[in-house]
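Asker: Structure provided below as structure tokens; questions to follow.
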Amino acid sequence: YVFIFILIIITLLVFNSSDKSADIDYSFPDGFLIGAASSSYQVEGAWNTSGKSESVWDNFVHTRPEKIADRSTGDIACDSYHKYKEDIQLMKDIGINHYRFSLSWARILPTGYSKDVNKEGLRYYHNILDELEKHKIEPMVTIYHWDHPQSLERLGGWMNELMADFFADYATVVFREFGHRVKMFTTINEPYIYCIVGYKTLRFAPGLNLSGWGAYQCVHNMLKAHAIAYHIYDREFRSQQNGKIGIIMPCFQHYSKDKNDLVSTNIAFEFQCGWTAHPIFSKDGDYPKIMKQMIAKNSKLEGRKRSKLPTFSKQWIEYIKGTSDYFGLNHYTADLVEPSPEAAAFDSLNDDGLLYTVDEKWLSSQSKWLKVVPDGLGEILRQIKNRYNNPPVYIMENGVSDPNTVNDTIRIQYLYAYMKEMLVAMKRDNCNIKAYTIWSFLDSFEWDMGYVDHFGLISVDFNDPNRKRTPKKSVSWLKSVLKSRKLMP
Ligand code: LGS
């Protein structure tokens with residue numbers, strides 16, 4: 001009896017501690033969307049043709065070539081301006097449900113102002129929409145993915161509060177022109193990355209060092225721009241157009257180096273994901289409290305009269321709160337955080353007082369910053385659910401860079417493991433996830449990494465004037481997943 005008793009206890013223990021996801025069926029629910037993404041500057045090319053003006057990225061790559069790993073530009077990129085039909089045919093062959101792409105502000109409004117509409121620019125995007133419609137692929141349109149006209153940069157770009165109004169005028173042109181055929185809009189892609197990398201680490205356009213406050217001002221004006229555009233859509237277009245509009249945030253998963261350091265992981269979350277998510281999705285709105293406190297404290301230590309983090313008035317807090325029909329999530333990887341007080345005191349690059357590292361055991365990708373940590377996706381999805389009352393989440397970017405040109409086994413492994421985590425979060429933990437979008441459809445101009453990092457499902461030969469496309473091995477894997485609507489290794 002003792003033996004049987006012990007056996008029962010052991011079985012119970014093993015059962016309880018075993019993977020609770022074991023009994024999950026890895027099929028995708030009806031209506032769940034799977035697609036792929038791109039952005040205008042990264043794929044279009046045709047940088048100065050058909051009425052398009054110079055964008056801040058055109059200017060950056062032409063004037064500061066040393067900032068780009070291979071000194072390349074997006075002048076031609078994948079030439080999707082001319083090859084969109086071929087691209088959309090490839091999407092059709094794969095069987096994806098939606099295509100997330102962005103509009104070039106400088107192509108639609110070359111001067112930046114809404115009165116000067118470039119008909120050829122509008123035509124190009126109508127052509128894409130026609131083609132998508134023909135193949136029954138749903139468009140998901142990002143209004144702004146970092147490439148505003150250089151004419152607006154001359155006025156200070158996102159440092160200028162007026163940019164919020166310029167953006168809202170541009171968005172209004174977009175709603176009026178495309179809203180009857182686009183049911184899914186994103187105002188701005190990742191304010192965090194554009195503002196940090198453009199104003200702090202200086203790797204991206206406009207690459208300006210504004211003594212520690214630029215990134216804060218930049219996100220501040222973007223949040224205003226987003227909210228104004230949201231309200232315009234809500235007031236003037238929603239009832240006839242019936243679409244959704246929201247914003248996209250990058251949220252890495254942060255694990256603490258010391259397992260019990262929940263303070264550091266919370267700070268890391270709030271300084272990245274929470275910076276844009278808290279004002280929009282939290283009950284109280286405004287920036288996360290911890291951010292306001294820490295930045296104010298550091299600003300004082302640095303001898304500044306005001307906090308580097310601008311303040312929203314009560315009216316703005318209310319106006320911004322709730323302005324997203326969905327939580328647009330870009331997620332790639334995870335890191336380890338630990339407190340690093342010395343860095344925090346006087347280094348304005350480090351107001352969160354944290355040191356970020358990685359676990360050397362994590363599998364590497366082609367990009368230095370990207371380690372393969374699939375359970376990070378599950379963790380971040382559960383955090384979003386718990387912190388913001390389970391909003392509908394649209395995963396708008398997830399993917400990996402893989403040095404293998406066609407035999408991209410890292411990508412297959414990555415996508416499989418990350419999608420699996422997502423399904424566990426949906427089916428076991430009831431996270432409200434509506435869509436999964438792979439970054440990216442094509443190998444493309446990866447910002448400061450030029451054409452070095454390959455994120456595409458489709459390889460592009462950038463030495464070929466014709467930019468020949470070749471589907472990678474991950475495409476055949478994805479095809480069978482999409483066909484069976486079930487995840488298979
Ligand atoms: O190509 C971009 C992908 C690839 O890596 C896409 O245009 C962006 O929306 C997105 O941000 N993407 C991306 N993100 C990771 C950026 C890591 C930079 C880390 C710097 C943090 C301060």
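The values are calculated or read from the model by the stated rules, or taken from the named source; none is laboratory data. Predicted model, so just to flag it, every value in this text is computed and none were measured. FYI the Cβ positions are ideal-geometry reconstructions off the backbone, even for glycines, and counts take in every protein chain you see. To get the accessible areas, we keep the full protein, side chains included, count just its heavy atoms, and leave off ligands, DNA and RNA. Shrake-Rupley method; radii C 1.70, N 1.55, O 1.52, S 1.80 Å.
Asker: Quick check, is K244 open to solvent by 10 Å² or more (accessible area, probe 1.4 Å), of a type in the set (K, R) and in contact with an Asp or Glu (Cβ under 6 Å, 6 or more places away or on another chain)?
Answerer: Considered against the rule, which asks whether it is open to solvent by 10 Å² or more (accessible area, probe 1.4 Å), of a type in the set (K, R) and in contact with an Asp or Glu (Cβ under 6 Å, 6 or more places away or on another chain), K244 comes out as yes.
Asker: Go through S264, S239 for me and flag whichever is farther than 24 Å from N160 by Cα, more than 15 Å from the ligand (Cβ to nearest atom) and out of contact with any Pro (no Cβ under 9 Å at 6 or more places or on another chain).
Answerer: S239
Table: residues versus (1) touching a Cys at 6+ places or on another chain (Cβ under 7 Å); (2) open to solvent by 40 Å² or more (accessible area, probe 1.4 Å); (3) without any contact (Cβ under 8 Å) to a residue 60 or more places away in the chain; (4) on the phi < 0 side of the Ramachandran plot.
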{"site": "K289", "(1), (2), (3), (4)": "no, yes, yes, yes"}
{"site": "Q293", "(1), (2), (3), (4)": "no, yes, yes, yes"}
{"site": "S299", "(1), (2), (3), (4)": "no, no, yes, yes"}
{"site": "E302", "(1), (2), (3), (4)": "no, yes, no, yes"}
{"site": "S307", "(1), (2), (3), (4)": "no, yes, yes, yes"}
{"site": "A334", "(1), (2), (3), (4)": "no, no, no, yes"}
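Asker: Right, next: How many of the residues making up the stretch 456-472 are open to solvent by 40 Å² or more (accessible area, probe 1.4 Å) and not in a loop (DSSP other than H, G, I, E, B)?
Answerer: 2
Rundown of residues vs (1) acidic (D, E); (2) within 22 Å of W439 (Cα to Cα); (3) part of a loop (DSSP other than H, G, I, E, B); (4) at pLDDT 95 or above, yes/no style:
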| position | (1), (2), (3), (4) |
| --- | --- |
| N48 | no, no, yes, yes |
| S53 | no, no, yes, yes |
| F60 | no, no, no, yes |
| D75 | yes, yes, yes, yes |
| H82 | no, yes, no, yes |
| D87 | yes, yes, no, yes |
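Asker: Please find, among P471, P391, P489, P403, the residue that is more than 22 Å from S102 (Cβ to Cβ) and within 16 Å of the ligand (Cβ to nearest atom).
Answerer: Answer to the selection: P403.
Asker: Sticking with this one: Are any of the residues in the stretch 254-272 over 19 Å from P341 (Cα atoms) and crowded, with 23+ Cβ neighbours inside 10 Å?
Answerer: no
Asker: Test Y356 against the stated conditions and say whether it is under 19 Å from the mean Cα position of the chain (by Cα) and open to solvent by 10 Å² or more (accessible area, probe 1.4 Å).
Answerer: No, not satisfied.
Asker: Please list, ordered by first then second residue, the pairs with beta carbon atoms under 6 Å, 6 or more apart or interchain, first in the stretch 384-409 and free of Cβ contacts under 8 Å to residues at least 60 places away in the same chain, second away from the ligand (no atom under 16 Å from the Cβ) and not small (G, A, S).
Answerer: Cβ pairs passing all conditions: K385/C431; N390/N432.
Asker: Name the single residue that is nearest to Y194 (Cα to Cα) among those in the stretch 148-166 being open to solvent by less than 30 Å² (accessible area, probe 1.4 Å) and hydrophobic (A, V, I, L, M, F, W, C).
Answerer: W158
Asker: Name the residues in the stretch 180-206 that are part of a loop (DSSP other than H, G, I, E, B) and more than 14 Å from the ligand (Cβ to nearest atom), would you?
Answerer: Listed by number, the residues that qualify are H180, R181, V182, K183, P206.
Asker: In addition: Can you run down the residue pairs with Cβ atoms below 8 Å, 6 or more apart or on separate chains, where the first is in the stretch 468-480 and within 12 Å of L90 (Cα to Cα) and the partner is open to solvent by 50 Å² or more (accessible area, probe 1.4 Å) and basic (K, R)?
Answerer: Pairs that qualify, where the first residue is within 12 Å of L90 (Cα to Cα) and the partner is open to solvent by 50 Å² or more (accessible area, probe 1.4 Å) and basic (K, R): there are none.
Asker: Can you say whether I34 is more than 16 Å from the ligand (Cβ to nearest atom), closer than 13 Å to F441 by Cα and buried (at least 22 other Cβ atoms within 10 Å of the Cβ), as far as the supplied structure shows?
Answerer: Considered against the rule, which asks whether it is more than 16 Å from the ligand (Cβ to nearest atom), closer than 13 Å to F441 by Cα and buried (at least 22 other Cβ atoms within 10 Å of the Cβ), I34 comes out as no.
Asker: Go over the candidates I458, I433 one by one and state the one that is within 16 Å of the ligand (Cβ to nearest atom), β-branched (V, I, T) and closer than 19 Å to A37 by Cβ.
Answerer: Of I458, I433, the one residue that is within 16 Å of the ligand (Cβ to nearest atom), β-branched (V, I, T) and closer than 19 Å to A37 by Cβ is I458.
Asker: Same structure again: Can we say V358 is within 16 Å of the ligand (Cβ to nearest atom), closer than 28 Å to C78 by Cβ and in contact with a strand residue (DSSP E or B) (Cβ under 8 Å, 6 or more places away or on another chain)?
Answerer: no
Asker: Just give me the residues in the stretch 366-388 being more than 16 Å from the ligand (Cβ to nearest atom) and assigned to a loop (DSSP other than H, G, I, E, B), in sequence order.
Answerer: Y388
Asker: So which residues in the stretch 441-455 are assigned to a loop (DSSP other than H, G, I, E, B) and within 10 Å of the ligand (Cβ to nearest atom)?
Answerer: Correct list: S444, F445, E446, D453, F455.
Asker: Which numbered condition trips up D25, out of (1) part of a loop (DSSP other than H, G, I, E, B); (2) within 25 Å of S474 (Cα to Cα); (3) at pLDDT 95 or above?
Answerer: (3)
Asker: Among the residues that make up the stretch 116-135, is at least one of them more than 28 Å from K244 (Cβ to Cβ), at pLDDT below 95, open to solvent by 20 Å² or more (accessible area, probe 1.4 Å) and not hydrophobic (A, V, I, L, M, F, W, C)?
Answerer: Checking the stretch 116-135: at least one residue is more than 28 Å from K244 (Cβ to Cβ), at pLDDT below 95, open to solvent by 20 Å² or more (accessible area, probe 1.4 Å) and not hydrophobic (A, V, I, L, M, F, W, C).
Asker: Shifting gears a bit: Looking only at the stretch 309-327, count how many residues are surrounded by fewer than 20 Cβ atoms within 10 Å (Cβ to Cβ) and assigned to a helix (DSSP H, G or I).
Answerer: Total meeting the criteria: 6.
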